[in-house]
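Everything on this sheet refers to the single structure shown next.
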Amino acid sequence: GERYNPREMEPRWQKVWDDAKSFVSSNDDPREPYYVLEMFPYPSGRIHMGHVRNYSMGDVVARYYRAKGRNVLHPMGWDAFGLPAENAAIERKTHPGTWTRQNIGAMKAQLKSMGLAIDWTREIATCEPEYYKHQQAMFIDMMAAGLVTRKQSKVNWDPVDMTVLANEQVIDGRGWRSGAVVEQRELTQWFFKISDMAEELLEALDGLTEWPEKVRIMQRNWIGKSEGLRLLFERTDGGAIEVFTTRPDTIFGASFIALSPDHPLTTRLAADNSALTEFVAECHRQGTATETLEKAEKKGVFTGLHVKHPVIDGATLPVYVANFVLMDYGTGAIFGCPAHDQRDLDFARKYDLPVVPVVLPPDADAASFAVAEVAYTDAGTIFNSGFLDGKSIEEAKKAAAEHFAARVVDGRPQGTVEVNYRLRDWGVSRQRYWGCPIPVIHCEVCGTLPVPKKDLPVVLPEDVTFDKPGNALDHHPTWKHVNCPQCGASARRETDTMDTFVDSSWYFARFTAPDAETPTIPAVANRWLPVDQYIGGVEHAILHLLYSRYFTRAMKATGHVGLDEPFKGLFTQGMVTHETYKSPTGEWVAPVDVVLETFGEGRRAKHLQSGEPISIGSIEKMSKSKKNVIDPDEIVATYGADTARWFMLSDSPPERDVQWTEAGVEGASRFQQRVWRLVGETIELIKQSSDIVVTSDDSEALSLRKIVHRAVHNVGSDIEGLRFNRAVAQIYELTNALVRSAGLVSAAPAARMGALREGVERLVQLLAPMMPHLAETCWEALGKTGLVADAPWPAVDAALLVDDTVTMPIQVNGKRRGEITVAKGTPAAEVERLVLSLDEIVRILDGKAPKKIVIVPDRIVNVVV
Ligand code: ANZ
Ligand code: ZN
């Protein structure tokens, strides 16, 4: 027969699905809903292999549940605001919107060429006013509900370009364009009060049982709950300093107090202390990003102040200002216990402060145990600690807390138990043009007011220029000048736009009613949500998911949805990797320019054009910088979308990385042709017999049917468990069994022919979620009516799943020579016929007839020669 031609068939079926609106889902469909969603892409210009992997998985799930009779929602959209569009605008002198919309067009065509079962009628792009006007409405609702606040917060300030920089625009502490040392500046900015919800967001993680444990752990750590003590230290000169500690058990090991550079006491002291003033300025230049702080050397300045040691009579502790103490955590002040905290230890060694161990490791000796360069942070018994001696850490924490609660310093209890969260409020202000305008007006008389809802959307002006650095909205000559909605006086529009994480925190809800006049239609959203299966990269495991969880709660509080958790099932897929290649001069070489050869056991590479030797490097995540990328378009053009999809699903467990190889793709492509040949041969066979029936009367028909039904059952459960590679392996096995039996079946009874036909049809159906175009072509060739995409998932005959075969040993003259597996209860005559056809037995008999064959049904075969 003819080879299967994906280039011809794939566009054909895509059009058929489109014309039939096969994947358009209705909100009124009474069937049980199923919502599958892949994280929507940023329209950077082209899709990459990571997208192909992500969407192939989601598509299998979508097509499978559709076949299972669910009303499937599988939408797609664009996370379309963000900095790259502004950069492109500067570099190419185009408008960010033009660039973004062009990219969306190109990427949509690419996605369509993959044959994804997407409901494109629900497409949304977050940069369009039809989308962001609803976001503005919800912002106003959230303001009214007290979920929004405005406060001072630090930004990265480029003093040369006179502009606020995003974190990713600060490289090694310098502005990416100007190269100037970046400063921290205080600006009044907008915040969502997510920290109010810290406890709830933490507790609800326990209910997310269909999330990977590692993601839940990351979220837990990010929220960072810690139970500790606010503790007052009396200053020797009067007054008190309050610290936050989670380790009051180590109080006898305290050797200094450290204040944040931004602590009010620091500010007061710096007023007449130039060394301190200079140090504070240095800290501000360094910034407060967690990473910078972790890497930076621990430094400080002595203030000249002392506090009384709270448990050692007569002793005092010096008070420092230190760069590693943050103002927005705890109280902005700490007590340092160098023996049991690494930062404190580094600090103590630098400033020659005492290091007194107070926690004794389980096997250590109290007389000789000392801490040198590594702080001891594990479990142990408290020692060197007066009334705490002999206690475990937990017991000592409790005892210390009780001790300090009963004392009074500065007219207050010396110690108060307090729970702290690392989670900060979500700062959503961005001093950028290409984002959703924050719908607020500042009036000198009336204050800060929301834009009246009837005036929404606050549309981004089109006529902007990017010739000077900073926020193009702010530079616009007229846009920000408006009249106050309350008093009518001239007022100023807010020029901050929202963090693009806001856009992606509710798009999944918008998909449920993308044309609604309100952000959602709550009844509709509640029917579809939560998303049954969300699939995306683990890089979004923290912020995107946490913000979406928060925003869903905020939408509930403002009446837009009726649920707390947006994503019931979450799956994070691994990355797509590829070998790297380097030229003799050390430059990265792209895979398309490399020819690979095998010699003996090894492999070598040369340059396609120049022939020069190329060295084969490590396997890395596909990235432009290492040039080890494969363009999905080229793969689709050469092998077809089905092959790319199949390979992406087949090669490794979906949560792991998958290595893209030429050999792998070719294997997938050969498999496609193999299926097509099998279908062709089967059609030829079926044509010869007019009376085929599907029954299990014949034992070979029965064993084939068992293989088929087992495969249907397993592929279904593997897809439900997102074990795509195992589903693929099942399909390979089924194909092998069918190819084998197609070779044997030609002169066989109608029952066997029937079993073969059933098997091939099921194979096509099992393939349909993964290689949908091939499956449609085969379905049509088999003479089936309608689309395989519309065919219900095949039913499994439970009787055929029962493992009712037996393996009987075969003895020849009392010596074991082999075995045979047959259905339980197979009659002796049938077993005899099968045994005599086995290669091993044929060889032993060597043309002679056996003297006798004794068969104990279901037990053993004895051949006497
Ligand atoms: C004394 C102590 C002894 C501490 C010891 C640790 C170990 P978590 O658990 O992450 O909440 N800390 C408190 N406020 C801080 C701030 N604003 N900036 C920097 N560090 C701060 O961390 C709590 C611990 O981090 C606190 O417990 C405090 O140091 C420090 F062997 O107090 B600890
Ligand atoms: Zn006013």
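The values are calculated or read from the model by the stated rules, or taken from the named source; none is laboratory data. A quick note: this is a predicted structure, and the numbers were derived from the prediction, not measured. Glycine also receives a Cβ, built like all others from the backbone with ideal geometry; neighbour counts cover every protein chain displayed. Heavy atoms of the whole protein, side chains included, go into the accessibility calculation; ligands, DNA and RNA do not. Shrake-Rupley method; radii C 1.70, N 1.55, O 1.52, S 1.80 Å.
What the table shows:
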read-out	value
Protection proxy ranking, peptides 364-375, 71-82, average beta carbon neighbours within 10 Å, highest first	71-82, 364-375
Val595 - accessible surface, heavy atoms, 1.4 Å probe, Å² rounded to 10	40 Å²
Phe335 accessible area, assembled protein chains, probe 1.4 Å, Å²	20 Å²
Positive-end residue, the chain charge dipole about Cα centroid, Cβ charges, pick of Val864, Val325, Val675	Val864
Members of Lys108/Lys480; Lys112/Lys621; Lys151/Lys453 lying beyond 31 Å, as alpha-carbon distances in this model show	Lys108/Lys480
Estimated distance in nm for a label pair at Gln486 and Ile217, the labels positioned 7 Å out from Cα along Cα-to-Cβ	5.1 nm
Local electrostatic count at Val164 - Lys and Arg +1, Asp and Glu -1, tallied over other residues with Cβ under 12 Å	-2
Formal net charge of residues neighbouring Ala180 (Cβ-Cβ distance under 10 Å; K, R +1; D, E -1)	-1
Rounded D (µm²/s) - segment 823-865, Kirkwood Rh over Cα pairs, Stokes-Einstein at 25 °C, 0.890 mPa s	228 µm²/s
Dipole axis of the chain (+1 Lys, Arg; -1 Asp, Glu on Cβ), positive-most option in Ala379, Leu259, Val464	Val464
Computed over the chain: relative contact order in percent, which uses C-alpha pairs under 8 Å that are six or more apart	13 percent
Which of Leu838, Leu529 is most accessible, then next, and so on - probe 1.4 Å	Leu838, Leu529
Relative packing of peptides 388-395, 544-551 - highest average C-beta neighbours within 10 Å first	544-551, 388-395
Cβ-Cβ FRET estimate between Glu666 and Leu326, R0 fixed at 35 Å, reported to 0.05	0.05
Residue-span extension gain [Asn736 to Asn813] - 0.36 nm each, minus C-alpha spacing	24.2 nm
Calculated FRET efficiency for the pair Thr598/Lys151, C-beta based, R₀ 56 Å, to 0.05	0.30
Accessible heavy-atom area order of Asp161, Asp496, Asp19, highest first, probe of 1.4 Å	Asp19, Asp161, Asp496
Sequence of Trp157, Trp588, Trp506 from largest to smallest accessible area, 1.4 Å probe	Trp588, Trp157, Trp506
Solvent-accessible area per residue for segment 770-832 (1.4 angstrom probe, square angstrom)	47 Å²
Full-extension gain in nm, Ala240 to Ala799, via 0.36 nm per residue minus C-alpha separation	193.3 nm
Simple Cβ-charge dipole of segment 247-324, Lys/Arg +1 and Asp/Glu -1, about Cα centre, in debye nearest 20	60 debye
Share of carbon and sulfur in the accessible heavy-atom surface of segment 145-304 [1.4 Å probe, %]	49 percent
Solvent accessible area, Å² - Leu787, 1.4 Å probe, full protein context	30 Å²
Cα→Cβ-extended label distance, 7 Å offset, between Ala516 and Phe302, nm	6.5 nm
Pairwise label distance in nanometres, Glu444 with Gln659, each label 7 Å out on the Cα-Cβ vector	6.9 nm
Cα-centre dipole for the chain with unit charges at Cβ (Lys and Arg positive, Asp and Glu negative), debye to 20	1340 debye
Ranked packing of 438-444, 37-43, 294-300, most packed first, by mean Cβ within 10 Å	37-43, 438-444, 294-300
Charge sum, other residues only, whose C-beta stays under 10 Å from Gln135's C-beta, Lys/Arg counted +1 and Asp/Glu -1	+1
The chain: DSSP helices with Cα axial extent of at least 24 Å and average Kyte-Doolittle hydropathy no lower than -1.0	49-67, 96-113, 662-688, 699-720, 724-744, 750-767
Per residue solvent-accessible surface (Å²) - segment 320-416, probe of 1.4 Å	49 Å²
Separation of alpha-carbon centers, segment 1-79 and segment 807-863, rounded to whole Å	52 Å
Accessible area per residue, Å², segment 116-238 with all protein chains present, probe 1.4 Å	45 Å²
Calculated [θ] (222 nm, deg cm²/dmol) that DSSP helices of n ≥ 4 give over the chain, each run adding -39,500 (n - 2.57)	-11000 deg cm²/dmol
D_trans [Stokes-Einstein, Kirkwood Rh over alpha-carbon pairs] for the chain, 4 °C, 1.567 mPa s, µm² s⁻¹	40 µm²/s
